[in-house]
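> Just dropping this structure here.
The values are calculated or read from the model by the stated rules, or taken from the named source; none is laboratory data. Remember, it's a predicted structure, so these values are computed and weren't measured experimentally. Reconstructed Cβ throughout: ideal geometry from the backbone, glycine too, with neighbour counts over all protein chains shown. For accessibility, only protein heavy atoms count, side chains too; no ligands or nucleic acids. Shrake-Rupley method; radii C 1.70, N 1.55, O 1.52, S 1.80 Å.
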Amino acid sequence: MEWTNGIAAIAAAFSALTALIALVVAVRNERKVEARFAQQIALEQKVAQANIAPDVQVYTFSTVGSVQVELKNCGVGPARISDLSFRRDEQKANSITRLINIPNLTTWVFYWMVTDGKLTLAPGESKVLIHQSTDVIQGQDLDAIGMSAEETLRQIKDQITGVTIEFQVSNIVDEKLPAGSVTISNLP
């Protein structure tokens, strides 16, 4: 009988040891699952942020008879643009037209003047900042300008070259992205 008590005690000890080992394994496994879950949550947040990220680009279009500059949101989320301004050297303006110095040139196909420095662009949406064509220039008093429509358009293109467009972009949840600064290069 004594040895049955001893066997019962040994069995109880092994049972307790097995339970303790199972508890340690379960706790370690739970910690690994929690770590994987936290990594998955972090990855999901990054994917969600990428899915709302705007991508604002500056496009220039130049043909023989016209020139156009526009901002376009090429991203998948809305772009909230703030602090939009135009600069050449030390001169800063609220419209590209303010940086073009051609006397008596008063009519444009289109230009946009920044009033509060803010603009919202949906994904794929663009905003024309300036557009000029020889057709509109010809409708003005070219004698007062002293150049042909083609020469005037060439001067406009030359003066747009070197203009820097500066802006701050935020996504839909108002997280600021790196500031944008694009200098327009030579227009053909």
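Every residue, every condition in (1) open to solvent by 60 Å² or more (accessible area, probe 1.4 Å); (2) farther than 30 Å from residue 158 by Cα; (3) among the aliphatic types (A, V, I, L, M), yes or no:
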residue: 17; (1), (2), (3): yes, yes, yes
residue: 34; (1), (2), (3): yes, yes, no
residue: 41; (1), (2), (3): yes, yes, yes
residue: 57; (1), (2), (3): yes, no, no
residue: 61; (1), (2), (3): yes, no, no
residue: 65; (1), (2), (3): no, no, no
residue: 69; (1), (2), (3): no, no, yes
residue: 99; (1), (2), (3): no, no, yes
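> Separate question: Inside the stretch 83-98, can you point out the residues that are in a strand (DSSP E or B) and either more than 14 Å from residue 118 (Cα to Cα) or in contact with a helix residue (DSSP H, G or I) (Cβ under 6 Å, 6 or more places away or on another chain) (or both)?
Here is the first cut: in the stretch 83-98, the ones in a strand (DSSP E or B) are 83-88, 91-93.
Once the filter is applied, which keeps residues that are in a strand (DSSP E or B) and either more than 14 Å from residue 118 (Cα to Cα) or in contact with a helix residue (DSSP H, G or I) (Cβ under 6 Å, 6 or more places away or on another chain) (or both), the stretch 83-98 yields 86, 87, 88, 91, 92, 93.
> Of all residues in the stretch 89-124, which are out of contact with any Asp or Glu (no Cβ under 8 Å at 6 or more places or on another chain) and either at positive phi or without any contact (Cβ under 8 Å) to a residue 12 or more places away in the chain (or both)?
Once the filter is applied, which keeps residues that are out of contact with any Asp or Glu (no Cβ under 8 Å at 6 or more places or on another chain) and either at positive phi or without any contact (Cβ under 8 Å) to a residue 12 or more places away in the chain (or both), the stretch 89-124 yields 89, 90, 91, 92, 93, 116, 124.
> Still on this structure: Search the stretch 158-172 for residues being aliphatic (A, V, I, L, M) and touching a Gly at 6+ places or on another chain (Cβ under 9 Å), and hand back the single one that is modelled with the lowest pLDDT. Spell out the reasoning first.
Step one: list which residues in the stretch 158-172 are aliphatic (A, V, I, L, M), which gives 160, 163, 165, 169, 172.
Within this subset, residues satisfying the condition of being touching a Gly at 6+ places or on another chain (Cβ under 9 Å) are 165, 169, 172.
Numbers: 165: 94, 169: 92, 172: 80.
Among residues in the stretch 158-172 that are aliphatic (A, V, I, L, M) and touching a Gly at 6+ places or on another chain (Cβ under 9 Å), the one modelled with the lowest pLDDT is 172.
> Among the residues of the stretch 114-134, which ones are in contact with a helix residue (DSSP H, G or I) (Cβ under 8 Å, 6 or more places away or on another chain) and not in a helix (DSSP H, G or I)? Quick ask: steps written out before the conclusion?
The first filter runs over the stretch 114-134 and keeps only residues in contact with a helix residue (DSSP H, G or I) (Cβ under 8 Å, 6 or more places away or on another chain), leaving 129-130, 132-134.
129, 130, 132, 133, listed by residue number.
> Return the residues of the stretch 165-188 that are β-branched (Val, Ile, Thr) and in contact (Cβ under 8 Å) with a residue 60 or more places away in the chain; say none if nothing qualifies.
Within the stretch 165-188, the first condition is being β-branched (Val, Ile, Thr), and the residues that meet it are 165, 169, 172-173, 182-184.
Answer for the stretch 165-188, where residues must be β-branched (Val, Ile, Thr) and in contact (Cβ under 8 Å) with a residue 60 or more places away in the chain: 165, 169, 172, 173, 182, 184.
> Also, I was wondering about something else. Give 137, 156 a once-over and let me know the one that is without any contact (Cβ under 8 Å) to a residue 40 or more places away in the chain and assigned to a helix (DSSP H, G or I). Lay out the reasoning, then the answer.
Details: 156 fails: without any contact (Cβ under 8 Å) to a residue 40 or more places away in the chain.
Only one candidate passes the filter, namely 137.
> Follow-up. For the list (1) within 25 Å of residue 75 (Cα to Cα); (2) aliphatic (A, V, I, L, M); (3) surrounded by 15 or more Cβ atoms within 10 Å (Cβ to Cβ), I need the number of the one condition that residue 149 fails.
Status for residue 149: all satisfied but (1).
> For residue 2, work out the one condition from (1) within 30 Å of residue 152 (Cα to Cα); (2) charged (D, E, K, R); (3) loosely packed, with under 10 Cβ neighbours inside 10 Å it doesn't fulfil.
Tallying (1) within 30 Å of residue 152 (Cα to Cα); (2) charged (D, E, K, R); (3) loosely packed, with under 10 Cβ neighbours inside 10 Å, residue 2 fails exactly one: (1).
> Here is a further query. Would you mind stating whether residue 145 is at pLDDT below 90 and farther than 25 Å from residue 82 by Cα? Spell out the reasoning first.
Details: at pLDDT below 90: yes; farther than 25 Å from residue 82 by Cα: yes.
Spelling it out, residue 145 is indeed at pLDDT below 90 and farther than 25 Å from residue 82 by Cα.
> Looking at the stretch 48-68, can you tell me whether even one residue there is within 19 Å of residue 184 (Cβ to Cβ), part of a strand (DSSP E or B) and of a type in the set (D, E, K, R)?
No, the conditions are met nowhere in the stretch 48-68.
Residue-by-condition table, conditions (1) within 28 Å of the chain's Cα centre (by Cα); (2) more than 30 Å from residue 53 (Cα to Cα); (3) exposed (fewer than 15 other Cβ atoms within 10 Å of the Cβ):
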| site | (1), (2), (3) |
| --- | --- |
| 105 | no, yes, no |
| 110 | yes, no, yes |
| 120 | yes, no, no |
| 132 | yes, yes, no |
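> Would you mind stating whether residue 70 is without any contact (Cβ under 8 Å) to a residue 24 or more places away in the chain and acidic (Asp, Glu)? Steps first, please.
Values: without any contact (Cβ under 8 Å) to a residue 24 or more places away in the chain: no; acidic (Asp, Glu): yes.
No, not satisfied.
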